[in-house]
Amino acid sequence: MVRLQQLSKMEDQELLKLFSTLMEELRGRELVRSSNNPVADFAERTAAEHMNLNRLSKEERGYDAIDANGKKYQIKGRRVTKHNTSRQLGVIRNLEEKLFDYLVAVIFNEDFSVNEIWKIPYRFVKEHSRFSKHQNGHILIARSASLEAGKGVERVR
């Protein structure tokens, strides 16, 4: 197992190569589906496993999974760390088109353990998100207090 002391002694290029190798291993194990930031892909897998959802191909527009009743789910993840405690989820594109029935917010701890999973109805997302011109999409901050008080919002975990 690689220890923190070992990592601190590595050259920058060695660390990046290690990261690349790690991402390939995660992809081979199907923990992630892309070579991008692993939080989004891992959130999709985590939500699907906890909620018994069927993940779809990355080509689907506006949603990532469906349930047994055909309801569509867009899944967003956020990893909260000691350096960044924000609970702002990824950008939600084309919100006005109502491409999903529910948004699932997966909040990870720093070590990627699951802290919370929320099933949020489209209507709540539409009412509580704000449009960001800069990001060309809607932003939702998954604050526990507002989600707990939200009509139809369900804490899955």
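So, of the residues in the stretch 61-86 that are in contact with a helix residue (DSSP H, G or I) (Cβ under 8 Å, 6 or more places away or on another chain) and of a type in the set (D, E, K, R), which turns out to be surrounded by the fewest Cβ atoms within 10 Å (Cβ to Cβ)?
D67
Given the structure, is V39 of a type in the set (A, V, I, L, M), in contact (Cβ under 8 Å) with a residue 60 or more places away in the chain, within 20 Å of V91 (Cβ to Cβ) and surrounded by 14 or more Cβ atoms within 10 Å (Cβ to Cβ)?
Against the criterion (of a type in the set (A, V, I, L, M), in contact (Cβ under 8 Å) with a residue 60 or more places away in the chain, within 20 Å of V91 (Cβ to Cβ) and surrounded by 14 or more Cβ atoms within 10 Å (Cβ to Cβ)), V39 qualifies.
I'd like to know if the stretch 54-76 contains one or more residues that are closer than 23 Å to L31 by Cβ, hydroxyl-bearing (S, T, Y) and at pLDDT 95 or above.
Yes: the stretch 54-76 contains one or more residues that are closer than 23 Å to L31 by Cβ, hydroxyl-bearing (S, T, Y) and at pLDDT 95 or above.
Pairs only if they're at least six apart or on different chains, beta carbon under 6 angstrom, first in the stretch 76-88 and in a loop (DSSP other than H, G, I, E, B), second among the aliphatic types (A, V, I, L, M) and surrounded by 10 or more Cβ atoms within 10 Å (Cβ to Cβ); list them, first residue then second.
R87/I141; R87/A142
From the list E148, E110, which one is surrounded by 12 or more Cβ atoms within 10 Å (Cβ to Cβ) and charged (D, E, K, R)?
Of E148, E110, the one residue that is surrounded by 12 or more Cβ atoms within 10 Å (Cβ to Cβ) and charged (D, E, K, R) is E110.
The values are calculated or read from the model by the stated rules, or taken from the named source; none is laboratory data. The model shown is predicted, which means the values in this text are computed figures rather than measured ones. Here Cβ is always computed from backbone atoms with ideal geometry, including for glycine, and neighbour counts include all displayed protein chains.
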